[in-house]
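One structure below.
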Amino acid sequence: KNIKQNFNSNYNEFVQRTLLCDYSDLLQKHFGKDCWAKAMSYAIEQSKEKYIFVDDLRRPIELDYLIKEHGKENILTVYLTKEDTEEVVLSDSSSAYEGQLDPNTFDIQFKFTSDWNNTDELITLINTKLVH
């Protein structure tokens with residue numbers, strides 16, 4: 001998602017992450033800043049699953065909306081980071097979404113190793129919180 005791509009010489013090269021962030025911004029411009037939170041809330045309401053994992057919240061507006069609609073007691077928040085071997089340079093569009101949430105307000109803060117070999121530890125932490 002952070003690699004420059006070019007389909008052919010008729011188009012400028014681009015980074016997928018930037019393209020997705022730009023598209024997200026465009027949708028929010030037309031449907032409101034909370035459009036992604038509303039879409040997620042609707043999906044939660046329609047689901048018959050016991051647990052739903054949202055793999056990417058980046059802004060307080062999204063988390064605040066889900067807490068308001070579904071109650072803090074029904075939401076387990078996990079802040080994920082990763083030991084990176086190299087730093088990824090994000091575009092202005094992509095970096096605008098980074099760092100808006102305070103990790104200290106999350107129920108679990110977890111750092112993946114660079115090879116992801118501690119994933120089982122994260123699963124155990126989440127299971128422990130869900131059981132209690």
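The values are calculated or read from the model by the stated rules, or taken from the named source; none is laboratory data. In this text the structure is predicted, and so the values were computed from the model without any measurement. Every residue, glycine among them, receives a Cβ derived from its backbone with ideal geometry; neighbour counts consider all protein chains shown. Heavy atoms of the whole protein, side chains included, go into the accessibility calculation; ligands, DNA and RNA do not. Shrake-Rupley method; radii C 1.70, N 1.55, O 1.52, S 1.80 Å.
Restricting the first member to region 38-66 and to residues that are over 18 Å from LEU80 (Cα atoms), and the second to residues that are among the acidic types (Asp, Glu) and open to solvent by 60 Å² or more (accessible area, probe 1.4 Å), the beta-carbon pairs closer than 9 Å and six or more apart or on different chains are LYS38/GLU69; SER41/GLU69; ILE44/GLU69; GLU45/GLU69. Reported count of residues in region 53-74, each being farther than 17 Å from LEU122 by Cβ and either aliphatic (A, V, I, L, M) or at pLDDT below 90 (or both), is 6. If I filter region 33-53 down to residues being loosely packed, with under 15 Cβ neighbours inside 10 Å and of a type in the set (A, V, I, L, M), which single residue comes out as farthest from THR128 (Cα to Cα)? Filtering region 33-53 for residues that are loosely packed, with under 15 Cβ neighbours inside 10 Å and of a type in the set (A, V, I, L, M), the one farthest from THR128 (Cα to Cα) comes out as ALA39. State whether one or more residues within region 16-25 are in contact (Cβ under 8 Å) with a residue 60 or more places away in the chain, within 19 Å of the chain's Cα centre (by Cα) and open to solvent by 70 Å² or more (accessible area, probe 1.4 Å). The answer is yes; a qualifying residue exists.
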